[in-house]
Each structure stands twice: as C-alpha cells, then as structure tokens.
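Trainee: What follows is a single structure, and I will ask about it in a moment.
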Amino acid sequence: MTAMKYRKTIIAGNWKMNKALAEAEALASEIKRELAEFREADVVLCPPFTALKAVGEVIGDTPIKLGAQNMHWESDGAYTGEISAAMLRDLYCHYVILGHSERRAYFRETDTIVNRKVKAALAANLVPIVCVGETLEEREGDETEAVVRRQVERSLQGLGGELGRVVVAYEPVWAIGTGKTATPEQAQDVHALIRSVLASLADDDTAGAMRIQYGGSVKPTNAADLFGQPDIDGGLIGGAALEARSFVDIVKAAK
Ligand code: PGA
C-alpha cells in the first residue's frame, strides 16, 4: 500500500553502548544547539540508561524527545540489572527501542519477549519503536518477506486499539553498522509489506497513519533518498548519530 504520505517523519538516534556521561551531555548540547527550533520532523535521542537523566536535562523543553534502548516487561520485582517502563517515565522518556536486532541476536530476545515489552511500554504510556529485519542469510534465501511478516505479527499481536501508537523500525541486519545500506527501492518494498501486515492486524486507516522508520547505515548522503520513499517515515540512526554534524544533517534531510 502506498497511500498518500501524511505522517510526520521521525528520526531517532540510537547511541547503543556509547557515550559516557560527559560525552553524552556534550553531544546532546551540540544537537540541541542546531535542532532546538526544528519542528519539521520528530527527533528522538536514545542514550544509554546512565545518561538518560543528563540528556533529558540538556534537551529540556525543546521539541527533542528522550528515548531508551530497552526495558523489562515487568513493572517491578526481583530482576537484577533490569529497568522498568515506570523508571523510564520517571526520567521523562517518551520512547523506548524494543527488539533491536542486537538484543534479539546477543540477548536472545524472541518475538514473545518483544511482545510483552511492547505491551508494558504502551501501558506505561511510552511509545515503543519496535525493530524488525532479516539477516543476510535470510535475504539470500528469499525469506525476507516471511521473516519480517512473522516478526511484525508476533511482536505486535494483541495490542487492540493501541497498535496505532507503535513506531516500527525496519532494520535489515546486514545493513546495521556495515556501511551497506538497503537501496531506497529495497527498503520501500519491505516498508510497503510491513504496512500491509499492520493493516491486517488493525485496519487501513490505522496502518496508513503509523510511522515506519528505516535503519541500517543511514548517512547524510543517503538519508533524503530513503526518506523520500512513500512508505519510509524516517530513520533509526546508529553510527551516524554519534556525531552531531552527521545526525543533524540526517534530520535536516527529512522534510
Ligand atoms: P547503524 O545502526 O546506523 O550504525 O547501521 C542502526 C541501528 O542499529 O539502529
């Protein structure tokens, strides 16, 4: 489905396990200097947990929003090392990245776990950014459609009327941190597929209003072509989000 685009672009910087406190504050300050008045797209910074409070204080009441990179699905209890949705809300997080391929691959997060987390995030009034995407082996084996369909259906099952609040991020695993970006056409094909799966989980209007980000080696030089595709509504940016200049240039490519 490639209906008219009326969705606000959303660009999120996923800092992963980078930036100690002072570095995080410095990066957020530089980004704020350039984007404090920028309203053409929603901008989200996702620093590590340890820098959430400080980055939140830097961005203050600008339109830039705060996001976390993960959370647990329970609200509290004996889960050593984990962080709950309410704890993130306490720090004024608006967003949380869930089911990133690094979490799926290195920490064995399944679609079932991601689904629990999505429900807990929505219940706490956080907007989940739910990541899906195929590996190189799966793409070469012609399994992209089946894999992405399964991840979307299972990660987002049973959300009822809340589904529309979710942001989906299509991140082909072979493009993450590799410098190999999906072509705009390759990405568009999968985004259109994701939107049709969302329509089957809800309805055309809900799916048509939901934002689907692309992630995987987005750079200032390829951002505009990607974001110009009918079903691509912004980006989830890793490496290029660690430097203010490249992140700001990517954000400004979104119109
Ligand atoms: P990358 O990472 O931009 O460094 O490829 C994207 C991501 O993992 O979210």
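Trainee: Here is a list of conditions, (1) assigned to a helix (DSSP H, G or I); (2) touching a His at 6+ places or on another chain (Cβ under 9 Å), and Gln229 meets all of them except one; can you say which number that is?
Mentor: Checking Gln229 against (1) assigned to a helix (DSSP H, G or I); (2) touching a His at 6+ places or on another chain (Cβ under 9 Å), the one that fails is (1).
Trainee: So, one more: If you scan the stretch 24-78, which residues turn out to be in a helix (DSSP H, G or I), among the small types (Gly, Ala, Ser) and more than 25 Å from Glu109 (Cβ to Cβ)?
Mentor: Ala26, Ala28, Ser29, Ala54, Gly56
Trainee: Something else: In the stretch 200-217, which residue that is part of a loop (DSSP other than H, G, I, E, B) and of a type outside the set (Gly, Ala, Ser) is farthest from the ligand (Cβ to nearest atom)?
Mentor: It comes out as Asp203.
Trainee: Give Asp61, Asp111, Asp76 a once-over and let me know the one that is of a type in the set (Asp, Glu) and under 19 Å from the mean Cα position of the chain (by Cα).
Mentor: Being of a type in the set (Asp, Glu) and under 19 Å from the mean Cα position of the chain (by Cα) holds for just one of Asp61, Asp111, Asp76, which is Asp111.
Trainee: Test Trp73 against the criterion of being away from the ligand (no atom under 16 Å from the Cβ), modelled with pLDDT of 95 or more and surrounded by 19 or more Cβ atoms within 10 Å (Cβ to Cβ), and give yes or no.
Mentor: Considered against the rule, which asks whether it is away from the ligand (no atom under 16 Å from the Cβ), modelled with pLDDT of 95 or more and surrounded by 19 or more Cβ atoms within 10 Å (Cβ to Cβ), Trp73 comes out as yes.
Trainee: Can you confirm whether Ala12 is out of contact with any Asp or Glu (no Cβ under 8 Å at 6 or more places or on another chain), in contact (Cβ under 8 Å) with a residue 60 or more places away in the chain, under 23 Å from Ala120 (Cα atoms) and not in a helix (DSSP H, G or I)?
Mentor: Criteria met by Ala12.
Trainee: I've got another one for you. Go through (1) touching a residue at least 24 places away in the same chain (Cβ under 8 Å); (2) more than 23 Å from Ile250 (Cβ to Cβ) one by one and return the number of the condition Gly141 breaks.
Mentor: All conditions are met except number (1).
Trainee: Look at the stretch 203-223 and say how many of its residues are without any contact (Cβ under 8 Å) to a residue 40 or more places away in the chain and within 15 Å of Ala175 (Cβ to Cβ).
Mentor: Residues meeting the conditions: 4.
Trainee: I'd like to know if the stretch 239-252 contains one or more residues that are surrounded by fewer than 22 Cβ atoms within 10 Å (Cβ to Cβ), of a type in the set (A, V, I, L, M) and more than 10 Å from the ligand (Cβ to nearest atom).
Mentor: Looking through the stretch 239-252, at least one residue is surrounded by fewer than 22 Cβ atoms within 10 Å (Cβ to Cβ), of a type in the set (A, V, I, L, M) and more than 10 Å from the ligand (Cβ to nearest atom).
Trainee: Which members of the stretch 212-235 meet the condition of being among the small types (Gly, Ala, Ser), surrounded by 24 or more Cβ atoms within 10 Å (Cβ to Cβ) and touching a helix residue (DSSP H, G or I) at 6+ places or on another chain (Cβ under 6 Å)?
Mentor: Gly216, Ala223
Trainee: Let me ask something additional. Which one of these is small (Gly, Ala, Ser) and over 20 Å from Lys255 (Cβ atoms): Ala36, Ala12, Ala54, Ala41?
Mentor: Going through Ala36, Ala12, Ala54, Ala41 in turn, the sole match is Ala54.
The values are calculated or read from the model by the stated rules, or taken from the named source; none is laboratory data. Quick caveat: nothing in here was measured; it's all calculated off a predicted structure. Note: ideal-geometry Cβ built from the backbone for every residue, glycine included; neighbour counts use all protein chains shown.
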